[in-house]
Amino acid sequence: MISIFILAIALLGCSDDDDDDKLPQVVAGFTQTLNDDTGTVTFINVSTNATNYVWDFGDDETSTEINPIKTYATGTYKVTLTASNDAGVSAIFEDSITVLIKRIISLPATFDDTSVNYDAETFDGTAFEIIDNPDVSGTNDKNSKVGAITNSGAEFEGVAFDLGTEIDLATDKRITMNFWADSTVAVLLKLEEGTAGDIETSANHGGTGWETLAFDFNASGKYSRLTLFVDGPGTRAGTFYIDDIMQAETPPAPCTEETAQSLSAADFNLTFQSDPSASIISDNAGFEWVTNPDSENDVNSSCNVAKISRTSASAFANNQINLDAKLDFDTNSGFKIKVYSGVADFRVLIKLEEQANSDNFTELEVTATKTNEWEELTFPFASSESNQYDKIILFFDLNTMNEAIYYFDDLMLYGTGGGGGGGTPATFPLDFEDGLNFFNAFEGATVAVINNPQPAGNSSAKVLELGKPSGAPFFAGINSDPALNGPSINLANGLTFTVKIWSPKAGINVRMRLEQEPGVLDPPAFEIFQPLANANQWETLTFDFSTTAATSGASYTRLVLNTDWDTDPAGGETYYIDDIVQTTGSGGGGGTGCTDTMLELPIDFDCESTTYDLSVFNGASYRVIDNPELSGINNVASKVGEIVNTGAAFEGGSFTLDNALDLTTDKAVTMKVYSTVGLPVLLKLEGGTGPNIELPVNHTGSGWEQLTFEFTSSDAFTVVTLFIDGPGTTAGTFYVDDIEQVAASGGGGGGGSLATFPLDFEDGVTIFNPFEGATAAVIDNPQPTGNSSSKVLELGKPSGVRFFAGINSDQTLNGPSIDLGNGLIFKVKIWSPKAGINVRMRLELEPGDIDPPAFEIFQTLTPANEWVTLTFDFSTTPASSSAVYTRLVLNTDWDTDPAGGETYYIDDITQE
């Protein structure tokens, strides 16, 4: 708001000298305009008969301009203007100016402080203004200012406030406000422009005038914009009022009172509804009936639990419960127990024993995966263990001398029959048509066999329903359970599994994992992620475990499925699953009559006797299919390779050739690639007689295109690796065909000697590649204090990139070979604009190479704006001194996304 003040006064010189009376009379004066938001004053000089001006702004600053512009801080200032002419006649004008710069709105916001700017951004038809409270009643019974929101009746119209102080949800996760409406309405509050993704929640207004609304969040980020939607997706028109927006502590949720408890062997269910101390025998593990140390969670909100105080007096500290009869695992599947402790990776063992014969026992041990969180563990017992045991013995961290506190709750029998003896195990394919459910839900998920609610695209009568309620974590899911007659998963019957899934969300990640019962590690578990592209329709996903290290002789007891991995459900989500099939693989084959079994170039995917195995990595998946896009340069009905990217950097796959690709004469490789988006395709040749080589070629996104990769090497290579959008993160489905070796037309190729340590950049050559949006360049040293080098490496992290944006040395740019036989200690000089950051150094091979394994170390850089030398000692890791790596990776300020553009300088990377 521009305020204009016009103040004028004339000061006339006078003299008894008649000649002085004839001199021009000087009149000094000025007016000014004041910008209340910025404190900027524009002075307008209205003096007359003057040629010289001296301004004193009242803050020890002066000016000789005619109409100066001055920006003030909040305060009152005496401004003096001295005006004079060349004859020496002068006059003075003075005025006091008060500057009150309005503060930007922050919480709490009451709309009553005249020194605060409560302006709101309105959109899609909404209007906003500050008015007197029109209804002094209810929860806002005071005469004050309030905000008036007027909806025009459009969908998702609202108001947004850009805050002067961020809302920090680290501790206090509730926002409250007084809200006025004369009929029921939903109010959506959204927090944006934060250190994490946007979040939103809604509250319902009862329509009774002024009411207090509370909005509870689960996030812990900081947010600088608060947006309100009244009747968000609806079209409600009218005027509503808001007041007293403030952040408040989230009230604790009430604990859940138990309603049943049984210590009988027939229906054992120890819930701690009442104190069972008289029935618990403690052996160096003190038992107490106590209040739940953490009832605010989705796993265990019970009011009372057991506290076990384990002493260090015995490695076999335990608690025992004698039962009234033998346990029945024909009608029960085993035990479940909820546990909690501050001890990391603590172990829980349940031993079942016969009271009359302690040599007759069985036991199972499971390792907890959470610390200071409740977790439910499952202990399945086979039917063959039925009617043998009438004592339960519970051990925490058996065979240790730990002195620690553990809590447990809800030790109970579960299921309808023990593993291996309560019926015939299911066999693939699993189609659920018999209505039987052999999947368990975990981490808050739900599972049931139901009538198919989505018959379009799937005519099955029954399907499996997987529910992820609001509040469940992203890793909530289901697993087949042999105790429920789930199938035995023998990979000799095939390494490939397909499953039909109906999802309410598009673009989700689906995880399939093959594993044993908890605590059994041989054979090891393996998992594959596949993207599900479409929402609200059935889609078949393929999980090919031949792309992992799983062996065809391995057998597993549990098949695990997770939908929408990595994303917590914002609300209740329901998925449907059907037709889980085990096959021998996707294979090639097109009825061509080809009998060749050698994998070599050209690769056309059409020879039915050739196995076109592509070893995928970093999330990509692959199969051979009929060409789904008969168009352009590939309009022939034939087989093609389908590559599905999940959106990870450097995902791809490798062909291992039976006959090497020899570049002695023909130095180019051509390949048909189908894509509907423009992106680079990187072709890398490895496993050769010389160093690995690679070339990127851009695809324009026009469908089938033939790409040509021209090399200058004369070496032979046995591994051909493809990266579709190599360092990028484009997700989607792409097709490749007709990979051939041809004569080169010229160009391409690298060359030159690999750099060696120390790396000092004085030659001006960049041997580092940036990734994930970072930038890298060798520049003249802009920070010579503390480092006299002429050149340094500049690492830029522009606004909007993620914390893991960084750089890696690249041998195609003549980056060094990193031989740990020359030393396990690396040092690097870094200049950072921020203090207290984490710096990561990682030694790795090219994407997809895992031998030797990668290792990484984090170090803290404490001071800002000065050169600091950090030491990364890989002797503190299992890294071998005989290992050789191709890439040295550096990340600055790990774990913190840059709030704005950040620039770091790097120099003198040494190996010792």
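The values are calculated or read from the model by the stated rules, or taken from the named source; none is laboratory data. Note that this is a predicted model, so its numbers are computed, not measured. So basically every Cβ, Gly included, is an ideal-geometry build from the backbone, and we count neighbours across all protein chains shown.
Would you check if there is a residue in region 15-31 being outside the structural domain of V116 (by TED's automatic domain parsing), part of a strand (DSSP E or B), under 58 Å from the mean Cα position of the chain (by Cα) and modelled with pLDDT of 90 or more?
Yes.
Looking only at region 761-778, filter to residues that are touching a residue at least 24 places away in the same chain (Cβ under 8 Å) and part of a strand (DSSP E or B); which one of those is surrounded by the most Cβ atoms within 10 Å (Cβ to Cβ)?
Among those residues, the one meeting the criterion is F768.
For residues that are β-branched (V, I, T) and surrounded by 22 or more Cβ atoms within 10 Å (Cβ to Cβ), scanning just region 637-693, find the one that is farthest from T721 (Cα to Cα).
Of everything passing the filter in region 637-693, V640 is farthest from T721 (Cα to Cα).
Would it be correct to say that F156 is under 27 Å from K222 (Cβ atoms) and in contact (Cβ under 8 Å) with a residue 40 or more places away in the chain?
yes
Is it true that some residue in region 321-332 is among the aromatic types (F, W, Y) and out of contact with any helix residue (DSSP H, G or I) (no Cβ under 6 Å at 6 or more places or on another chain)?
Within region 321-332, none of the residues are among the aromatic types (F, W, Y) and out of contact with any helix residue (DSSP H, G or I) (no Cβ under 6 Å at 6 or more places or on another chain).
It is to be established whether one or more residues within region 880-895 are acidic (D, E), in a loop (DSSP other than H, G, I, E, B), under 29 Å from the mean Cα position of the chain (by Cα) and at pLDDT below 90.
Checked against the condition, which is being acidic (D, E), in a loop (DSSP other than H, G, I, E, B), under 29 Å from the mean Cα position of the chain (by Cα) and at pLDDT below 90, region 880-895 yields at least one hit.
Taking strands (runs of 3 or more DSSP E) that fall entirely within region 205-315, which contain at least 1 residues that are among the aromatic types (F, W, Y) and not assigned by TED's automatic domain parsing to the domain that holds T176?
Per the criteria, 285-291.
May I ask you to list the residues in region 239-261 that are among the hydroxyl-bearing types (S, T, Y) and touching a Phe, Trp or Tyr at 6+ places or on another chain (Cβ under 6 Å)?
Within region 239-261, Y241 is the sole residue that qualifies.
Could you look through region 790-808, keep only residues that are touching a Ser or Thr at 6+ places or on another chain (Cβ under 8 Å) and outside any loop (DSSP other than H, G, I, E, B), and pick out the one that is surrounded by the fewest Cβ atoms within 10 Å (Cβ to Cβ)?
Only one residue fits best here, namely G796.
Going through region 47-65 one residue at a time, which ones are of a type outside the set (S, T, N, Q) and either in contact (Cβ under 8 Å) with a residue 60 or more places away in the chain or surrounded by fewer than 16 Cβ atoms within 10 Å (Cβ to Cβ) (or both)?
If the condition is that a residue be of a type outside the set (S, T, N, Q) and either in contact (Cβ under 8 Å) with a residue 60 or more places away in the chain or surrounded by fewer than 16 Cβ atoms within 10 Å (Cβ to Cβ) (or both), then V54, D59, D60, E61, E65 are the ones that fit.
Within region 330-354, how many residues turn out to be closer than 24 Å to F438 by Cβ and under 27 Å from the mean Cα position of the chain (by Cα)?
Final tally of qualifying residues: 0.
Does A476 qualify as being under 30 Å from A570 (Cα atoms), surrounded by 22 or more Cβ atoms within 10 Å (Cβ to Cβ) and among the small types (G, A, S)?
yes
So which pairs qualify, if the first residue must be in region 126-139 and closer than 13 Å to T110 by Cα, the second must be among the hydrophobic types (A, V, I, L, M, F, W, C), the Cβ gap must be under 6 Å, and the two must be at least 6 apart or on different chains?
Note: pairs meeting the criteria are I130/F111; I131/A148; N133/V146.
Is it the case that region 780-789 has a residue that's modelled with pLDDT of 90 or more and not in a loop (DSSP other than H, G, I, E, B)?
No - not one qualifying residue is present in region 780-789.
Could you check S220 against (1) over 27 Å from the mean Cα position of the chain (by Cα); (2) within 30 Å of A109 (Cβ to Cβ); (3) touching a residue at least 40 places away in the same chain (Cβ under 8 Å) and say which number it fails?
(1)
Please state which one of F329, F240, F287, F229 is at pLDDT below 95 and among the aromatic types (F, W, Y).
F329
I'd like the residue in region 630-651 that is small (G, A, S) and closer than 23 Å to G507 by Cβ and, out of all such residues, is modelled with the lowest pLDDT.
Filtering region 630-651 for residues that are small (G, A, S) and closer than 23 Å to G507 by Cβ, the one modelled with the lowest pLDDT comes out as A649.
Which residues, counting only those in region 66-102, are among the aromatic types (F, W, Y) and in contact (Cβ under 8 Å) with a residue 24 or more places away in the chain?
Y72, F93
Out of P482, P487, P473, which single residue is out of contact with any strand residue (DSSP E or B) (no Cβ under 7 Å at 6 or more places or on another chain) and either touching a residue at least 24 places away in the same chain (Cβ under 8 Å) or not assigned by TED's automatic domain parsing to the domain that holds I337 (or both)?
Answer to the check: P473.
Out of the residues in region 298-324 meeting the condition of being β-branched (V, I, T) and touching a Gly at 6+ places or on another chain (Cβ under 8 Å), tell me which one is nearest to L352 (Cα to Cα).
I308
List the pairs whose first member sits in region 666-683 and is hydroxyl-bearing (S, T, Y), whose second member is in a loop (DSSP other than H, G, I, E, B) and buried (at least 17 other Cβ atoms within 10 Å of the Cβ), and whose Cβ atoms are under 8 Å apart, counting only residues at least 6 apart or on separate chains?
Hits for this filter: zero, empty list.
Which is at positive phi, at pLDDT 90 or above and not in a strand (DSSP E or B), of N372, N399?
Answer to the selection: N372.
Among the residues of region 818-844, what is the count of those that are charged (D, E, K, R) and either over 24 Å from F803 (Cβ atoms) or in a helix (DSSP H, G or I) (or both)?
1
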